[in-house]
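Q: Okay, handing you the structure first.
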Amino acid sequence: MADALYINGRFTTTDERVLGVEDRGFQFGDAVYEVFKFLGKRPIFLREHFRRLEISLRTLEIAAAWADADAFAATIRELLARTAFDDGIVYIQVSRGEAERSHFWPDALTPTAVAYSRRFAFPDAAKKELGIRVITTRDLRWHGCHVKSVNLLANAIAKKEAQRAGATEALMLADGFVREGAGSNFFAVKNGHLVTHPLDEHILPGVVRDRVIDLALGAKIRVDERPLREAELFDLDEAFITSTTQGVMPVAEIDGRVIGNSRRGEVTTTLQQLFDALEAAS
Ligand code: PLP
């Protein structure tokens, strides 16, 4: 069934073919995106996602697609009103726009902005307790991972490699350090402390990552924002990933090696519960 679709100021459905072949998002990956979750038609952390979208656009000098957070929220309200289901995700993409193909983009291009809703199978209680298997792989991405750009080829290759190995996520390794997951941020737990990569050009500033750090500090759990060395990866008490669609998801195995005592750890459980409560209340 077709989903509700917003494109450049009007609403239609995903049945309609709306993009030109010379859209720079299609030809150059010259576009940024966001994904947020909605529950009971209530967008979760919408302001945070809009803020990150604005930063991505500004960083790449793509024109703003919405005048401000209120205009964005109004579009999302209407999109969700047109959506046939209550829980799911919204995918938003803004490209630099459409122009005759050339690496040199014309100034003052009108961006192409789309947003559509999708059903999504969020992890249930059993999955959240069991956790996931992950593999490690080489980080083939560029030095602009802090921008949520649609250049996801290296991420997609890493994810496919994980799938072929019977896992669901791939941890990106570079220069001897663990960066993040192909579609998530990574947290290690050692001696009751959290270790996660600091915010820089090697990782995406995850909305859930931010919330989880705040929740940890509020619960008096120490957080070390430093790159974890590859060698530390197999001497952890617990590990988990964070993302909009997975929330706080325990990592049960890395490259086939069991983490901790093979059950969801105490720190992970605490943060998962705190995060689920925050999401439910927001
Ligand atoms: N890192 C990468 C590479 C991602 O693609 C994502 C989510 O798509 C994340 C981290 C987690 O970000 P968020 O918590 O905002 O969903």
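The values are calculated or read from the model by the stated rules, or taken from the named source; none is laboratory data. As the structure is a prediction and not an experimental result, all values here were calculated from the model. No Cβ is skipped: glycine too gets one built from the backbone with ideal geometry, and neighbour counts run over all protein chains shown. Note: areas computed on protein heavy atoms with side chains; ligands, DNA, RNA excluded. Shrake-Rupley method; radii C 1.70, N 1.55, O 1.52, S 1.80 Å.
Q: Once each part is reduced to its C-alpha centroid, what is the distance from the range 121-171 to the range 66-85 in angstrom?
A: Using only Cα atoms, the two centres lie 29 Å from each other.
Q: Looking at the chain as a GNM with Cα springs under 10 Å, which of ASP255, ASP237, ASP107 has the largest mean-square fluctuation?
A: ASP107
Q: Tell me, what is the per residue accessible area of the chain in Å², probe radius 1.4 Å?
A: Working: 13990 Å² over 282 residues.
For the chain, the solvent-accessible area averages 50 Å² per residue.
Q: Another question, if that's okay. For the chain, modelled as a Gaussian network with Cα springs under 10 Å, which listed residue fluctuates most, TYR116, TYR33, TYR91?
A: TYR91
Q: Percent antiparallel among DSSP beta bridges with both residues in the chain, to the nearest 5?
A: The antiparallel fraction comes to roughly 80 percent.
Q: What list of ³J(HN,Hα) values in whole Hz, one per residue of the range 110-123 in order, does the Karplus curve 6.51 cos²θ - 1.76 cosθ + 1.60 (θ = phi - 60°) give from phi, with Gly and Pro shown as x?
A: Whole-Hz 3J(HN,Hα) from phi for the range 110-123: 7, x, 9, 10, 10, 8, 9, 9, 9, 5, 8, 8, 5, x.
Q: In terms of the ratio Rg/(2.2 N^0.38 Å) built on C-alpha atoms, what value belongs to the range 223-282?
A: After normalising by residue count via 2.2 N^0.38 Å, the value is 1.21.
Q: Which residues' amide hydrogens lie under 5 Å from the amide hydrogen of GLU180, considering only partners 5 or more residues apart or on another chain, with H built in the peptide plane?
A: MET172
Q: Run the helix sum for the chain: -39,500 (n - 2.57) per DSSP H stretch of 4+ residues, divided by residue count, reported at 222 nm to the nearest 500 deg cm²/dmol. Walk me through the numbers on the way to the answer.
A: Working: 7 runs with 78 residues, N = 282.
The helix-only estimate for the chain comes to -8500 deg cm²/dmol at 222 nm.
Q: Any idea what angle helix 266-281 forms with the longest principal axis of the chain, computed on alpha-carbon atoms, 0 to 90 degrees, nearest 10?
A: On a 0 to 90 degree scale, this one is about 30.
Q: Between LEU39 and LYS160, what is 0.36 nm times their sequence separation minus the Cα-Cα distance? Round to one decimal in nm.
A: Numbers: separation 121, 0.36 × 121 = 43.56 nm, distance 2.86 nm.
Here the answer is 40.7 nm.
Q: Loop-only trypsin sites (Lys or Arg not before Pro) in the range 195-282, please: DSSP not H, G, I, E or B, and at most 14 other Cβ atoms within 10 Å.
A: Numbers: sites: ARG209, ARG211, LYS220, ARG222, ARG229, ARG257, ARG263, ARG264; in loops: LYS220, ARG222, ARG263, ARG264.
Of the trypsin sites (Lys or Arg not before Pro), the ones in loops of the range 195-282 whose Cβ has at most 14 other Cβ atoms within 10 Å are LYS220, ARG222.
Q: Starting from the exponent 0.38 and prefactor 2.2 Å, build the expected Rg for the range 125-281 from its residue count and divide its actual Cα Rg by it.
A: Relative to the rule-of-thumb radius for its length, the range 125-281 sits at 0.95.
Q: Count the DSSP beta bridges whose two residues both fall in the range 75-172, then state the antiparallel fraction as a percent rounded to the nearest 5.
A: For the range 75-172, the DSSP antiparallel bridge percentage is about 65.
Q: Let me ask you something else. Normalized C-alpha radius of gyration of the range 4-118, against 2.2 N^0.38 Å? Let's see the in-between values first.
A: On the way: Rg = 14.0 Å, N = 115, 2.2 N^0.38 = 13.4 Å.
For the range 4-118, the normalised Cα radius of gyration comes out at 1.05.
Q: Give a quick list of GluC sites (Glu not before Pro) in the range 62-117 that DSSP marks as loop, anything other than H, G, I, E or B, with at most 16 other Cβ atoms within 10 Å.
A: Of the GluC sites (Glu not before Pro), the ones in loops of the range 62-117 whose Cβ has at most 16 other Cβ atoms within 10 Å are GLU100.
Q: On to the next question. For the chain, what is the convex hull (Cα atoms) projected area averaged across all directions, in square nanometres?
A: Averaged projected hull area, Cα only: 15.0 nm².
Q: In addition: Just to be sure I understand: with springs between alpha-carbon atoms less than 10 Å apart, which residue in VAL18, VAL189, VAL150 has the highest mean-square fluctuation in the Gaussian network model of the chain?
A: VAL18
Q: I've got another one for you. Could you give me D for the range 64-151, from Stokes-Einstein at 25 °C and 0.890 mPa s, where the hydrodynamic radius is the Kirkwood radius over C-alpha pairs? Units µm² s⁻¹, please.
A: Value of D from the Cα-based Kirkwood radius: 144 µm²/s.
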